[in-house]
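Heads up: the structure comes next, in C-alpha cells.
Read the figures in this text as sums done on the coordinates, not as results from a lab. Quantities reported herein were computed from a predicted structural model and do not represent experimental measurements. In this analysis, Cβ positions are derived from the backbone assuming ideal geometry, glycine residues included, and neighbour counts consider all displayed protein chains.
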Amino acid sequence: MLLKPSRVMVESLLAALSAAALVLTSLWPQWIEGLFGLEPDGGSGETEWGLALGLAALTIVFIARAGRAWRFQRQQRAAGLAR
C-alpha cells in the first residue's frame, strides 16, 4: 500500500529544501556562475543576494504553512475526524 504524504510532510520538506538552498547561496555566493557559467549580474553577486532573500522568505512561509497544517491535523485527530 502506497501512503499519501501528509501536507505537514510536504511543507516541511519544502522548508528544508529552501533552507538548504539558502545555506548554499550564503556559503557559495557565486554558485550560479560556477554551475551554469552565466553572469546575470556581471559578477557583482546581486542576483545571488536577491535569491538568498527570496529563499529566506520561502523558508519562513513553508515553516508557517507546515505549522498551520500540523495544528489543523492535530485538531482533527483530537476531534476524531482524522482519516
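Apply the Karplus parameterisation 6.51 cos²θ - 1.76 cosθ + 1.60, with θ equal to phi minus 60°, to every residue of the range 11-20 and state each ³J(HN,Hα) to the nearest whole Hz, in sequence, with x for glycine and proline.
Karplus-based 3J(HN,Hα) across the range 11-20 equals 5, 5, 5, 5, 5, 5, 5, 5, 5, 5 Hz.
Checking a compactness column here: for the chain, what do you get for Rg(Cα) / (2.2 N^0.38 Å), N being the number of residues?
Compared with the compact-globule rule of thumb, the chain sits at 1.51.
For the Cα atoms of the chain, what angle does the longest principal axis make with the long axis of helix 46-78, in degrees from 0 to 90, nearest 10?
0 degrees
Multiply the residue separation of Q73 and S44 by 0.36 nm, subtract the distance between their alpha-carbon atoms, and state the gained length in nm to one decimal.
5.9 nm
Count the net charge of all other residues whose Cβ sits under 14 Å from the Cβ of A66, scoring Lys and Arg as +1 and Asp and Glu as -1.
Computed value for this residue: +4.
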